[in-house]
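To start, the structure itself, in structure tokens.
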Amino acid sequence: MLDQIKQEIDRLKSRGATYADARWYPAEDSEQLVMVNGNLKANESSNQSGIGIRVLYKGAWGFSAASDVNNLPAIFDSAFDNAKIAAERVTFPVRLAEKEALQATFTSPSKEDPTKVPLSEKVAFLSDMDHKLDQPGVIQRYGILNFDKKKTIFVDSEGSQIEKNITEVFAFLQVSALDKAGVMQSRTFRLNRTGLTRGWESIDPVFFTQQCERIVSELNQLLVAGDCPKEIGSVILKPGQMYLQTHETIGHALELDRILGYELAFAGGSFVTLDDFGKLRYGSEKLTVRADATVPNSPGSFGFDDDGIPAQNNLLIDKGILVGAINGRQMVEEANAKARRPIFQGSSGANRATAFYRVPIERMTNIDIDAGHDGTLDDIVRNTENGIVLDGDRSWSIGSNREQFHFGTEMGWLVKDGKITDVVKNSTYQGDTLKFWNSLTAVGDESTWEVVYVSNCGKGQPNQVMQLGHGIPVCRFDNVRIGE
Amino acid sequence: MNDKILNTLKELRAYALQRKAEVSISIHAEDSHLMRFANSAISLNTNEMLIRLEITAFEGRRRAGYEMITDLEDMAKLKQGVDHAVEMAHLAQPLTYEPSIPVYTTDFLDESGYDAALANLANAERLDFFNQVSKGLETNELKLSGIISNGTNTLAMINTRSEHWQYFLFTDCQVTSVLAHSTLKWEVSAEQSAQKKSELKPSAMHDRLEKLVDLYQKGKPEQLPLGNYDIVFGSAAIGAWLEYIVYIGLDGGEMKRGNTFLLEKDLGQKKFSSRFTLLDNPTRLETFPFRRDFTGIERKLFPIVENGVFKSFVWGQDDADEFAANPTGHTVMHLSLEVKTGQKPVNSLDELLAMPRDKDILYIPYIHYIGLVNPTEGILTGSSRFGALLLKKDGTVAIPYNVRVTESLLTLFGEGIEWLSSVSEPYNVSRSYGARNPTSIIVPRFMRVNNLEISHSNSSY
């Protein structure tokens, strides 16, 4: 098969293609188990295989994919034909940043293959957790396990051949109940990084049992809590909400394809312009952000992107100043040319596709915020006069240029004169992106820093869901509109 | 009809029967084409031919599903898929209820939603469509974006309870065109949904874009003060709000789990405006309907809200099994929602602009990124986008920076509805995550709702 793929790439080159690559998925196995109130509502697995072909012809992309690979030349021809018609409407011919041709492999860190664990053991685990969640006050219990194991082979016309073997584990527990006003309240636990590997060993029953006890206890606190007040105050975001704030108002805003207008028809644009790099004060001096695909054990660490670029750790925001973007080979060339200055020194390796049948686009890797020097969560609370600690994403809505946002969270703890006073429910906050990040007044130390996984980041047309991570500390922002 | 698909189903059914297994099997074949535009160029031109084989195995109260994205040539591999599903079901934990296995009493073939001309739309035709849409409108500053996505879906299913099968074949097309100002950052858009090629009207999209561009170039942008406004929503915005009514309002299983703002006690009660009637109407081909659900129930016109009175939840088979309810023919990939039109003869942007007004009215054609603030109270939030206008009392038009609306669906479709247009159109709400699942909602072209709160107002784009 590999030889045939290489022959087809050569054939398209001889027909005039300036570049071609293939992503062959010999096998991707996924499994999802969903238990709702003790019922195994979903007991599903899947296997997919196929190939996606990307061709560059006269500065335009064509792409074709199929699950039936018995007629490989037809798939390559289809991609080439798509590129030829696209070449009839080109305004900025696609150029790809230089790269080194690599022969390489990447295997994500995993000790115990989750797809090899007997189904009965996985179901028994979920059932055990369900029993632990079945406590007074709880009316809905959800337990979800997702596993994915894929082998992909990337070959391009520049001589690269990269094999990736990636295993992912995602887990989710949630308890819910109606409060006295008839409003559903929930507390959720998502498995984040607990160690340096992410196989079945991530599913530690002792740790999960502790999380069951915590979310049941917090749900019961919510059920008797008052509503979040409407006020202007400080918000202290724990990692369970801080990750989403970072994701939506830094991560997406700094995708270079968005900045260059490639997502305007659907996902939206960005308030950031090419002129802003090196100048824009995105946040306070306490804010340093990086796109770090080298973080050990995260879905945002994948060895090589789908342009064949090795994983990197790049600064995006340095002490509050915007310095970098999430990008791939095509966009850095276009951005540098349009800015008439070399903003980017080559691809940062963030071009990824969710499946063989989707085309690679700029996706977040691990968009991380450096830990700060403002102590622990307790220290930050102690130094806060009037505010609220928030955790657990509940709703999110962002302006089309990522310029403003509205978030709702599961849990809030009011802070008065340096002390946590009451738990509150139905907590929300909103703001303007730049104003908000410039109001960052405290960044927690290493003890508050966690890697939070994201399993459902959506973008692109055709739509793609991507997995990634955020390494983030507890942060405090002042003068925020709360409770509306 | 694709004999290969049907014969594969029959052979796998025979294999399952031979090994005394209870299974239902479906094949979903999609042929998708998407041409995407950005910065006035074709930024991506793609096609995907994917075949999904889905097997659900049953063993009493035990159930398991196995999906393969594959080809149909390797029958041994497909049979292994059946084996795998059966084995998973055997190892599963029993449900607390007995899951139903459908019994099809007749073969059912529905190709009424198929249009060969749309299925065979050529690359050159897709490009020509967009060239017509944007003719004369692009400049050095005004850049074209958008998509034209068309596809053919084949969905066929069979199970071990009977030899009969169901087979659906339909075509769809979704078009979005956007003109965006590269430095000022405003955007205007036009959209279309089509089930057949003859429904594609590039001139209509062109005219809308031309009108909005003219208004945006002449109008002065302004930040709206926070407060309450009378808002006219366009079809895209109405469709976007309505999608959430399904998720957090109408689903019987979710109601039983406490996740909806409509409750059992609300049945027969007036919960919305008398002007609001919502049905599931599988007779409308524009909604890419399923005329039988996947359990074999014939799908008919199904009232959900009538003149503001909540008439019924929708029940899929599995939730009906779990909660001992009667399934309502809604075990399908998507509903065929239709909002009945009103009396207002305001059915075009020109007619909206010409409408006499005694106060400022905000026109929001599109809602971006809706968030579920509080599902059990039906509270959503989202921002305006793509061509909002402030129609001033003095007859002039201003350009508002984007604003945020945070309201309950009970309010958005409540007593504040002043009027609905007398003409409706399908608004395409399709997403292409996972399997192709074209979905349109038929909505009036405009809906005016009075006294809605703007909770955030941008100071720029």
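Of the trypsin sites (Lys or Arg not before Pro) found in region A:198-279, those in coil by DSSP whose Cβ has at most 13 other Cβ atoms within 10 Å are A:230, A:279. Backbone phi angles across region B:308-317, fed through the Karplus curve with coefficients 6.51, -1.76 and 1.60 (θ = phi - 60°), yield HN-Hα couplings of x, 8, 6, 9, 6, 7, 10, 10, x, 5 Hz in residue order; Gly and Pro are listed as x. Relative to the longest principal axis of chain A, what angle (0 to 90°, nearest 10) does the C-alpha long axis of helix A:205-223 take? Rounded to the nearest ten degrees, it is 60. Cα axis of helix A:329-339 to longest principal axis of chain A: angle in degrees, 0 to 90, nearest 10? Helix A:329-339 sits at roughly 80 degrees to that axis. For region B:99-116, 3J(HN,Hα) computed residue by residue from phi via the Karplus equation (6.51, -1.76, 1.60; θ = phi - 60°) reads x, 6, 10, x, 10, 7, 8, 9, 5, 9, 10, 10, 10, 5, x, 9, 10, 4 Hz, glycine and proline entered as x.
Listed from fewest to most Cβ neighbours within 10 Å, the set A:443, A:36, A:480 follows the order A:36, A:480, A:443. Each helix, a run of at least 4 DSSP H residues, gives -39500 (n - 2.57); summed and divided by the residues of chain A, these come to -6000 deg cm²/dmol at 222 nm. Taking amide H positions as modeled 1.01 Å from N, with prolines and chain starts lacking one, the residues under 5 Å from residue B:306 and 5 or more places away or on another chain are B:278, B:311. For chain B, the longest principal axis of the Cα atoms and the long axis of helix B:3-18 meet at an angle of about 40 degrees. Residue by residue, region B:171-179 carries 3J(HN,Hα) couplings of 10, 8, 8, 10, 10, 10, 10, 10, 10 Hz when phi is fed to the Karplus relation 6.51 cos²θ - 1.76 cosθ + 1.60 (θ = phi - 60°); x denotes Gly or Pro. Sites listed here are trypsin sites (Lys or Arg not before Pro) in region B:1-40 whose DSSP assignment is loop and whose Cβ has at most 12 other Cβ atoms within 10 Å: B:19, B:20.
In chain B, helices alone account for a calculated mean residue ellipticity at 222 nm of -6000 deg cm²/dmol, with every DSSP H run of four or more residues adding -39,500 (n - 2.57). The amide H of residue A:460, built 1.01 Å from its N in the peptide plane, has A:267 as neighbours under 5 Å, considering only residues 5 or more places off or on other chains. Computed about the Cα centre, the dipole magnitude for the protein assembly as shown is approximately 1180 debye when only Lys and Arg (+1) and Asp and Glu (-1) carry charge, each at its Cβ.
Which residues among region B:169-187 fall inside the zone where the amide N is under 18 Å from a point 7 Å beyond the Cα of residue B:107, along Cα→Cβ? Within reach of a label on residue B:107: B:169-170.
When you filter the trypsin sites (Lys or Arg not before Pro) in region A:100-164 for DSSP loop state and at most 14 other Cβ atoms inside 10 Å of their Cβ, you are left with A:111. Here chain B is treated as a Stokes sphere of Kirkwood radius computed over C-alpha pairs; at 25 °C and 0.890 mPa s its diffusion coefficient rounds to 103 µm²/s.
Each reported figure results from applying straightforward, stated rules to the coordinates on display, with no laboratory input. Since this is a predicted model, take the numbers as computed values, not measurements. Note that each Cβ is placed from the backbone with ideal geometry, even for glycine, and that neighbours are counted across all protein chains shown.
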